[in-house]
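For reference, the structure is listed below as structure tokens.
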Amino acid sequence: MSVLFFLSLAFVLCKKSLYDILGVDKGAKEDEIRSRYRKLAKTLHPDKNKSPGAEKEFTEVSNAYQILADKEKRKRYDMYGDEGQGAQQEGGFNPFDLFNSGGGGGFEDLFGGGSRRKDQNVRFQLEVSLKDVCAGLVKKISISREKRCSKCKGTGAHSKKDLFVCKECNGRGGKIIEKIIGGIFSQQVQVTCGKCDGVGKRIKKKCERCKGAKTVNEDEQITIKIEKGMDEGHKIVFPGKANEDEDGKAGDLILILSVNEGGGFRKKGKNLETSVEITLLEALVGFTKKIVLPDGAVMNIERSDVVKPSERQRVPGGGIPYYKRKGRGDLIVVYTVKFPETIQSKKKVREALCSKKEHAEL
């Protein structure tokens, strides 16, 4: 056998259990584990203990406490600890990131495959118009989602007799393998069982309806209510309307509004902006115009003064309604002045634009 094998074997055999690292029994209560950790942490903290190996011991103690102080992590460790020396670490606290392969989610992700949870929230972007958020809308739509198979009750099997524990992983859904790191160290990692796809159980004869999938795709109608004033990014939640898992649990369906501009209007927060073209004569002598808002309301605009090109006029109350309160934003009118292509009589233009005195001076 190679020297590498003995180095790897020695590395594995020298590992202590997390309970040994903290110096507590396997049946120790949470208070005892917490008390022991605090005592060791004070003694081994690198800021106080400068002796060789103190920092390494402090890291080991911190790792052990991070797992044993958490009920779920401790439960997982107790299941795999005798074989694998510790549960897979989760979250952002991991002093041994260097030795992790792929660094991702937690234990459920490791044993993903067929056991991946389906009862999670599902988010979709729902495109709506300015008219919808100004006037409101109630509409029924059809959705397609996974639901627990009613025939096999989510087992995926033809009958209970056709469902048995996977012998490859002994029903755990995963197994421990040795992995060589850096050509020197050996690490034991948890992988998904390839025989049962991480489920822990295997099927002899599959359900006729779901074909062993445990869930089936079904269509369902839901009623969407867009209320006046709902804005970009507003979330409409339908509890329990996401995909179901084999236990019948389902997350929420979350629709996130995306407001599309159109009809000549541009959305500026709760304000609406639109462009209005006027003639040169209207710009000089005034005008009266009607603007139809997205919800059908009509705004009358009257001007008797001179309007300059690109001038902006604010019309209060012509914008988008506020959500669940009175009032609405403003309408911003941007004027563009259309000039004539040619002038037939410059004299007539002067007469129209100038007073008698000014005309005489010209």
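The values are calculated or read from the model by the stated rules, or taken from the named source; none is laboratory data. These figures come from a predicted structure and were not determined experimentally. Every residue, glycine as well, gets a Cβ built from its backbone with ideal geometry; the counts of neighbours run over all protein chains shown.
Structure notes:
- Condition check for K235: surrounded by fewer than 17 Cβ atoms within 10 Å (Cβ to Cβ) and farther than 10 Å from C149 by Cα: yes
- Taken residue by residue, the stretch 265-286 has at least one member that is more than 29 Å from T342 (Cβ to Cβ) and of a type in the set (F, W, Y).
- Selection status of E220, out of contact with any Gly (no Cβ under 7 Å at 6 or more places or on another chain), under 30 Å from R328 (Cα atoms) and modelled with pLDDT of 90 or more: no
- Within the stretch 290-325, the set of residues being on the phi > 0 side of the Ramachandran plot and polar (S, T, N, Q) comprises S310 only.
- The residue of the stretch 1-51 that is surrounded by the most Cβ atoms within 10 Å (Cβ to Cβ), among those that are assigned to a loop (DSSP other than H, G, I, E, B), more than 38 Å from the chain's Cα centre (by Cα) and at pLDDT 80 or above, is V24.
- Identity of the residue in the stretch 263-307, in a helix (DSSP H, G or I) and hydrophobic (A, V, I, L, M, F, W, C), that ends up nearest to I320 (Cα to Cα): A283
- Flag: S258 matches the condition of being out of contact with any Lys or Arg (no Cβ under 8 Å at 6 or more places or on another chain) and within 24 Å of K139 (Cα to Cα).
- Within the stretch 121-148, the set of residues being acidic (D, E), surrounded by 15 or more Cβ atoms within 10 Å (Cβ to Cβ) and closer than 18 Å to E261 by Cβ comprises D132 only.
- L257 touching a Gly at 6+ places or on another chain (Cβ under 6 Å) and either within 13 Å of V133 (Cα to Cα) or outside the structural domain of K326 (by the TED database) (or both): no
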